[in-house]
Amino acid sequence: MKIFMDTEFTGLHKNTTLISIGLVAENGHTFYAELTDFNKGQIDNWLQENVINHLYLNEDQYERSLRSSYEEFETVGCTSHVEGELRWWLKQFDKVEIWSDCLSYDWVLFNNVFGHAFKIPENVYYIPFDICTVFKLKGIDPDISREDFTSSLVAGTKHNALYDALVIKACYEKLMGLSEVAN
C-alpha cells in the first residue's frame with residue numbers, strides 16, 4: 001500500500017522538531033496528528049502564520065483518540081502518544097511504501113516518532129520514495145507548484161500536513177497517469 005506523507009516542523013535545521021504529520025493511503029484512509037511536545041522556542045513569525053495558525057485539533061482531543069475507524073483518524077498528543085496511534089493505524093496494511101515530497105526532513109521525522117529507523121513498524125518498507133524524483137524523471141520541473149500541477153480542489157490549507165499529503169497523493173496519481181498514457 002502506498003501511503004503519502006507530509007510533516008510540518010520547526011525549521012530547516014538539524015534540531016528541528018515535529019509539529020504535525022499527515023498520511024493518506026491509496027484507499028483514502030487518513031491519519032493526522034498534531035504534536036504537543038515540539039520545540040516552541042523554534043517558532044518564528046513565518047511558522048506561526050503559515051503552520052501553527054492552521055492547526056485545527058484542540059486541547060479537548062489531547063492524548064485521546066477514538067480507535068473506531070481507520071478511515072479518518074486524528075489525534076493530538078506528545079510524541080510517544082502519536083507513536084502508539086500511528087503504529088495502530090499502520091497495522092491495517094500488510095506492506096507500506098512511504099511517498100513524500102522533498103522527503104529529507106519528513107523521513108527523518110517519521111523515523112524519530114518511533115525512536116529511530118530500526119524501530120519503525122515491520123510492515124513499513126525502510127526505503128522512502130520521493131515524488132520530486134518522479135517529476136524530474138518525467139521531464140517536469142520538480143519546483144512546480146503542486147496545486148497548479150494537480151489542478152485539483154483538495155480541501156484544506158497549504159502547510160497543513162494532512163492537506164499537503166492529499167496534494168502529494170494527487171500529484172502521484174497524475175504523474176502515474178501520465179506514464180500510462182505514454183506506454
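Odds and ends about this structure:
- Debye log10 I(q)/I(0) at q = 0.15 Å⁻¹ for segment 105-148, Cα point scatterers: -0.53
- Qualifying GluC sites (Glu not before Pro) in segment 9-50, DSSP loop, other Cβ atoms within 10 Å at most 11: none
- Taking the protein heavy atoms of the chain in the context of the full set of protein chains, the accessible area attributed to carbon and sulfur is 51 percent at 1.4 Å.
- The reciprocal of the average 1/r between distinct C-alpha atoms defines the Kirkwood hydrodynamic radius, which for the chain equals 16.8 Å.
- With protein chains left intact and a 1.4 Å probe, residues in segment 123-162 average 61 Å² of accessible area per residue.
- By the helix-only formula, in which each DSSP H run with n ≥ 4 contributes -39500 (n - 2.57) and the sum is divided by residues, the chain has a 222 nm mean residue ellipticity of -10000 deg cm²/dmol.
- Counting heavy atoms of the protein chains alone, Trp107 has an accessible area of about 40 Å² for a 1.4 Å probe.
- Per-residue SASA entry for His116, accessible area with 1.4 Å probe, Å² rounded to 10: 80
- Span-like helix check, the chain: qualifying full DSSP H segments, with Cα axial length of 24 Å or more and mean Kyte-Doolittle of -0.5 or more, are 161-182.
- Rounded to 5, the percent of DSSP beta bridges in the chain classed as antiparallel: 50
- Annotation note: trypsin sites (Lys or Arg not before Pro) in segment 65-148 located in DSSP loop regions with a Cβ neighbour count of at most 10 within 10 Å are Arg67, Lys95.
- Straight-distance crosslink candidates among lysines, where the alpha carbon sits under 28 Å from Lys174 and sequence neighbours closer than 8 are dropped: Lys2, Lys91, Lys95, Lys136, Lys138, Lys158
- Segment 1-59: radius of gyration over Cα atoms, expressed as a fraction of 2.2 N^0.38 Å: 1.22
- DSSP-loop GluC sites (Glu not before Pro) across segment 84-177, with at most 13 other Cβ within 10 angstrom: Glu122
- Formal net charge of residues neighbouring Val167 (Cβ-Cβ distance under 10 Å; K, R +1; D, E -1): -1
The values are calculated or read from the model by the stated rules, or taken from the named source; none is laboratory data. If you're wondering where the values come from, they're calculated on a predicted model, not measured in any experiment. Note: ideal-geometry Cβ built from the backbone for every residue, glycine included; neighbour counts use all protein chains shown. Note: areas computed on protein heavy atoms with side chains; ligands, DNA, RNA excluded. Shrake-Rupley method; radii C 1.70, N 1.55, O 1.52, S 1.80 Å.
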